[in-house]
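Below is one structure, written out as structure tokens; the observations come after it.
The values are calculated or read from the model by the stated rules, or taken from the named source; none is laboratory data. Treat the numbers as computed from the prediction; the structure is a model and nothing was measured. Heads up, the Cβs are rebuilt from the backbone with ideal geometry, glycines too, and the neighbour counts pull from every protein chain shown. Side chains included, ligands, DNA and RNA excluded: accessible areas come from the protein's heavy atoms. Shrake-Rupley method; radii C 1.70, N 1.55, O 1.52, S 1.80 Å.
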Amino acid sequence: MSEELVGLIPAAGKGLRLGLPYPKELYPIIRDNRYKPVSQFVLENLTCSGVRHIIFVINETKHQLIGFYGNGSRFGCQISYVVQESDDDGQGTSPGLGHALDSAYHLVRGKTVCFGMADTIMTPQDIFAHIWAAATPDDDVLLGLFPTDRPYKLGMVNYDADDRVIEIIDKPKQTHLEYAWGCIIWRPRFTEHLHVCIHKRGIADFASIMNLAIGEGMRFRSVRVNGATYADLGTYEEIVELENRYRAR
């Protein structure tokens, strides 16, 4: 399928949970005595999958992030930056993931979007290529699924025997579901749906936006890659746990 792929990485959060003096996306992960910021992992997931234009959605304070990645030439890609506008309530409330993704509407419109979070580590390195290989012409959205024992922290996915997604259940306290989405590829139809939800329907919650799309007939496919792993490094506890697992190996 000859469609133009573009990478989308939201990085507009304040990172208050970690309380770092620099953007949390630059949190150092040390492997084999070499430094790599956590956000470089998802960037490499994209570039190793053949994506050559990557968009970071940032806030007005992320100068260090821009300084590290620059125009992307050192990483084998072209990088664009979109500044997500702050909320107007004066309370520091985040507008949410859906709003952050839609902030890049003018750059992703009409293209196929490969979306990953900046504080996650996924394997295999070319995970997006594996997911895209499962796409059929009828699929609007492909969810890359990963097994998890922490469903209360992630978006759990209910799907049928044909891998068609029935519902996304966000951070359930209890569930029988075993797989969560960790990254997503979507086509222009969902980009337009997201844009309408944010600007005309007043719906900001990303899980609600996806479930509404499913209810309106968009085809969501679940894709599981053998041996794939996913780690979310949003808190110190998760970072420490990952480091302990790495040292143990």
Residues that are at pLDDT 95 or above and assigned to a helix (DSSP H, G or I), drawn from region 42-65: Val42, Leu43, Glu44, Asn45, Leu46, Thr47
Pairs with Cβ under 7 Å, 6+ apart, first in region 152-168 and hydroxyl-bearing (Ser, Thr, Tyr), second open to solvent by less than 60 Å² (accessible area, probe 1.4 Å) and modelled with pLDDT of 95 or more: Tyr152/Pro172; Tyr159/Val165; Tyr159/Ser222
Residue in region 73-87 that is assigned to a loop (DSSP other than H, G, I, E, B), loosely packed, with under 15 Cβ neighbours inside 10 Å and either at pLDDT 95 or above or of a type in the set (A, V, I, L, M) (or both) present: yes
Count of residues meeting criterion [open to solvent by less than 10 Å² (accessible area, probe 1.4 Å) and either acidic (Asp, Glu) or within 22 Å of Ile169 (Cβ to Cβ) (or both)] in region 128-152: 8
Residues being open to solvent by 70 Å² or more (accessible area, probe 1.4 Å) and either in a helix (DSSP H, G or I) or of a type in the set (Ser, Thr, Tyr) (or both) - total across region 160-205: 4
Residue tally, condition part of a helix (DSSP H, G or I) and either modelled with pLDDT under 95 or open to solvent by less than 20 Å² (accessible area, probe 1.4 Å) (or both), over region 206-249: 18
Ile30 being open to solvent by 50 Å² or more (accessible area, probe 1.4 Å), at pLDDT below 95 and of a type in the set (A, V, I, L, M): yes
Filter result (open to solvent by less than 10 Å² (accessible area, probe 1.4 Å) and under 11 Å from the mean Cα position of the chain (by Cα)) within region 111-121: Val113, Cys114, Phe115, Gly116, Ala118, Thr120
Index of the failed condition, Asp139 passing every other in (1) assigned to a loop (DSSP other than H, G, I, E, B); (2) under 13 Å from the mean Cα position of the chain (by Cα); (3) modelled with pLDDT of 95 or more: (2)
Residues of region 157-176 satisfying the condition of being basic (Lys, Arg) and in contact with a strand residue (DSSP E or B) (Cβ under 8 Å, 6 or more places away or on another chain): Arg164, Lys171
